[in-house]
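> Structure provided below as structure tokens; questions to follow.
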Amino acid sequence: MAQRIRGNVFVVGDNIDTDQIIPAQYLNLVPTIPEEYAKLGTYALSGLPDGYPRLVPEGAAKSPYVIVVAGRNFGCGSSREHAPVSLGAAGVRAVVAESYARIFFRNCMATGELYPVESPKRLCDLLKTGDEVTLDLEAGTLTTAAGATYPLQPLGDAKDVIDAGGLFAFARKSGMIR
Amino acid sequence: MGMTITEKILARAAGRPSVRAGDNVWVQADILMTHDVCGPGTIGIFQKEFGAKARVWNSERVILTPDHYIFTADAKCHRNVEICRAFAAEQALPYFYDPGTPSYSGVCHVTLPQKGHCRPGEVLFGTDSHTCTYGAFGAFATGIGNTDAAFVMGTGRLLVKVPATLRFVVDGGLPKGVMGKDIILRVIGDIGVDGGTYRALEFCGSTIRGLPMSERITICNMAIEAGGKNGIIAADKTTLEYVRARTDKPFTCVDSDPDAEVLSERRYRAEELVPYVALPHSPDNLAKASDCGDVRIDRAYVGSCTGGKTEDFIAAASILRGRKVCVDTYLVPATTEVAADLQRETIGGKTLAQIFQEAGCIEPAPPSCAACLGGPLDTFGRANGSEVVISTTNRNFPGRMGSKAASVILASPLTTAASALTGRITDPREFM
């Protein structure tokens, strides 16, 4: 697994709930059906209020942004695994937020779709959509193009599970299940 | 040092004499619930990971309740119910509540209590954030994603972190016009939408003990709106009467030890509580209904796992009886049993259905989750424009009931009904 993710950020605020990440009208799509998985990606973060740019531009299959930067309580609301799946399917590889809702965090780990990294610093006020950053998962830092570096909370054991590709892949790799 | 009720249930399920908040333990599930929105994805992962011929760990303990997208023309939604149906047949699941047949029930979180699947002391997982509802029965219940659910489906087990407890003690007599919904809106307003993240929210005190199961369900249902891992109310005589009438399966009640360690304890005097609302666009945007008389609404909605139970419709009917609504008023009974009660329960010699009809409400829809979470564009009651909706549902982040331009105000059935009469947020005591 590449431990450095370099790319542009998409910035949102506090309490971005799962309806904003993937609106309920798209929950007729089943994440385990490959073409519907891809379709979920095109709708990721499409529930954000008007005024936000699209994470995935109209007609595109993938997001030009690979890291979402958020405030507090990212992913609150529903238990729908479609939320981390849609972000992962869009090509987002990590979220850097001040804090997470419990089920969203767990679903990120269980699916292995993306890294939910916590930042003690409120980066959503310091960065703007389109800024280029480097996220170093090994060192636990986020560095801006201007060279400012911010420490992040270690992901701990959750990182190993996501590195392996999710709960089942990790459990097999570590011999917990056959 | 004693244990909280949540710790005791998880210790039993982990096969250990004791656990403490913060411990990571493998627990044995008693029930796994899934529905038409998350069931197909869960089944897909289960079959991929355990094999096409794999059997669920215990067919009596996997409950399949299609309820979200049932009454829609959307072909994929029908396909998803069909995936659930085929799986239920293949696995010979005795508890599949099949749409379009007499076994159909409706909203999972009212179905499981009504069908006797909620029992004190047990561990329930469900692929829905409002699975915390079942804590009303003195059980540990929490929402999980498809991947975790597939793991439970195959093994019956899941790794959980034991949550620390936030205790809410409510004592005294609830004033007229104040419901369980008002208690939980006040709690969420006080601690915020992330104030309970990773925590058990335990409710106790004389007010809670005096509440019927329907109101306890409303309170525990919304623990997730404060980020809670579970909501819980210890079982008592009221619980046992409800449960014993619906199942003869054995169970063991537990309660917190007097010396159990909790993270915090908040105390409320019931007499000081009033009818509240959560204004757009967050469940913690608390206000007194009486302070919001200038907020106009153009739709009222009574339904969902939170506010679509028989008692919720009785409350709404008690306000609407003999009066006329002045905004579109949508009614969605949670389950077929609740729908039957609309024809059966009477106030002053009239059925609830007659009272709603005479008040000018839109004819009630068949039971399902309906517009609580927006859903497909043809969903009954879905907000498709810039409506301001007052609703007995549980969540009001932007776009929750459909359109991003709509606004949702959360309230009790009494407050929702009173507001339907005036077209503005209205304290129900004006009509009591």
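> Could you compute the net charge surrounding B:THR416? Neighbours are other residues with a C-beta less than 13 Å from the C-beta of B:THR416; K and R count +1, D and E count -1.
After counting each charged neighbour, the total is -1.
> Which Cα, out of B:HIS117, B:ALA235, B:ALA278, lies furthest along the positive dipole direction of chain B (beta carbon charges, K/R +1, D/E -1)?
My answer, from the dipole projection, is B:HIS117.
> Moving on to the next point. Could you compute how fast segment B:277-431 diffuses translationally, taking Rh as the Kirkwood radius over C-alpha pairs and applying Stokes-Einstein at 25 °C with viscosity 0.890 mPa s? Give it in µm² per second.
My calculation gives 165 µm²/s for D.
> Quick check: the distance between the Cα centres of segment B:188-227 and segment A:115-136, to the nearest angstrom?
If we compute the Cα centre of each part, the gap is 33 Å.
> If we count other beta carbons within 10 Å of each Cβ, what is the order of B:TYR95, B:TYR301, B:TYR268, fewest first?
Going from sparsest to densest Cβ surroundings: B:TYR268, B:TYR95, B:TYR301.
> Compute the signed sum of charges (Lys and Arg +1, Asp and Glu -1) over the other residues within less than 9 Å, Cβ to Cβ, of B:GLY381.
Here the count lands on +1.
> Take A:LYS39 and A:LYS62, extend 7 Å from each Cα along the Cα→Cβ direction, and tell me the distance between the two endpoints in nm.
2.2
> Further question: What is the dipole size for chain A, taken about its Cα centre, with +1 at each Lys and Arg Cβ and -1 at each Asp and Glu Cβ, in debye to the nearest 20?
340
> Dividing the Cα convex hull volume of segment A:4-173 by residue count, how many Å³ per residue is that?
So the per-residue hull volume is 105 Å³.
> Ok, one more. At what distance in angstrom do the alpha carbon centres of segment B:382-432 and segment B:137-176 lie from each other?
Using only Cα atoms, the two centres lie 28 Å from each other.
> Which one of A:TYR37, A:LEU167, A:ALA83 is farthest out on the positive end of the charge dipole of segment A:29-178, using unit charges on Cβ (Lys, Arg +1; Asp, Glu -1) and the Cα centre as origin?
Checked the options; the winner is A:LEU167.
> Now for a separate question. By DSSP, what percent of the beta bridges with both residues in segment A:4-173 are antiparallel, rounded to the nearest 5?
45
> Order by neighbour count: B:ARG266, B:ARG395, fewest other Cβ atoms within 10 Å first, most last.
Fewest to most other Cβ atoms nearby, the residues stand as B:ARG266, B:ARG395.
> So what does the Cα-only Debye profile of segment A:1-43 read at q = 0.31 Å⁻¹, as log10 I(q)/I(0), no solvent term?
Debye intensities relative to I(0), on a log10 scale: -1.00.
> Could you give the size of the charge dipole of the protein assembly as shown about its Cα centre, using +1 on the Cβ of each K and R and -1 on the Cβ of each D and E, expressed in debye and rounded to the nearest 20?
620
> If you average the C-alpha positions of segment B:312-370 and of segment B:266-284 separately, how far apart do those two centres end up, in angstrom?
If we compute the Cα centre of each part, the gap is 25 Å.
> Kindly put B:TRP57, B:TRP26 in sequence by how many other C-beta atoms sit within 10 Å of each C-beta, fewest to most.
B:TRP26, B:TRP57
> Taking a ≥ b ≥ c as the square roots of the Cα gyration tensor eigenvalues, with a/c under 1.5 meaning rounded and otherwise prolate when a/b beats b/c, else oblate, which class fits segment B:1-97?
Here segment B:1-97 falls in the prolate category.
> Compute a Gaussian network model of chain B, connecting alpha carbons closer than 10 Å, and tell me which residue from B:THR306, B:THR346, B:THR101 fluctuates the most.
B:THR101
> Right, something else. Which residue, A:VAL12, A:VAL96, A:VAL30, has the most motion in a Gaussian network model of chain A that connects Cα atoms within less than 10 Å?
With Cα springs under 10 Å in chain A, the top fluctuation among A:VAL12, A:VAL96, A:VAL30 is at A:VAL30.
> Assigning unit charges at the beta carbon (Lys, Arg +1; Asp, Glu -1) and nothing else, what dipole magnitude in debye, to the nearest 20, does segment B:277-431 show about its Cα centre?
Computed charge dipole of segment B:277-431: roughly 140 debye.
Readers should treat all values here as calculations from the given coordinates under stated rules, not as data from a laboratory. Remember, it's a predicted structure, so these values are computed and weren't measured experimentally. Virtual Cβ from ideal backbone geometry, glycine too; neighbours counted across all protein chains shown.
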